[in-house]
Amino acid sequence: MTKGTSSGGAAVSHAPAERKSTAVTRAVGTATDWLGSVPAMVTALTLVVLWFIGGSVVSGHFANNTYQLLINTGTTIITFLMVFIIQNTQNRDGRAVQAKLDAQSEVLRAIAERLGVDDDEQLLTRLVGEEEAPERVIADDQQEVRHVALDRSGREVQPTRTPRT
């Protein structure tokens, strides 16, 4: 994405419209950035201290049913929202990293082809989209890639752990 400046000096994005983020994506990104910051952690610690003080002050202390209901409802709602924010962020990050790796694999394949490097197994490109495969297939492919890489380097092939399925 390239950036220029408008007549007012503000940065302007020249990315195609389909490459720009949506308002929801920007809001989730902003929330994620803030929620992972030191001020957010200090705010959370402050809320815990206030919860403790509040529980000590209300009648019946921490055994007060209304107080417990309010606290439990609030924490459940916050936890519920945080799960979706975290999952959304992880999904976007994972897809972005995978797209970058796929692009690098294609560039490496093109370079190897131009240099005349023999790649009978098509190791550089056959694993594009591997993240969609079942866990067992991924583990088998990982073992095969390691085996080929170590064979080509002349080092002894080390057995690797395979994940339980």
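A few points about this structure:
- Full-stretch length increase - A40, V137 - with 0.36 nm per residue and alpha-carbon distance subtracted: 30.9 nm
- I78-V58 pseudo-label distance in nm [points 7 Å out on the Cα-to-Cβ vector]: 1.5 nm
- 5 Å-binned pair-distance histogram of segment 21-119 (Cα, whole percent): 2, 10, 12, 14, 11, 9, 9, 7, 7, 5, 4, 3, 3, 2, 1, 1, 0
Values quoted throughout were computed directly from the atomic coordinates according to the rules given, and no laboratory measurement underlies them. These numbers come from a predicted model, not from an experiment. Positions of Cβ are backbone-derived with ideal geometry, glycine not excepted, and every protein chain shown enters the neighbour counts.
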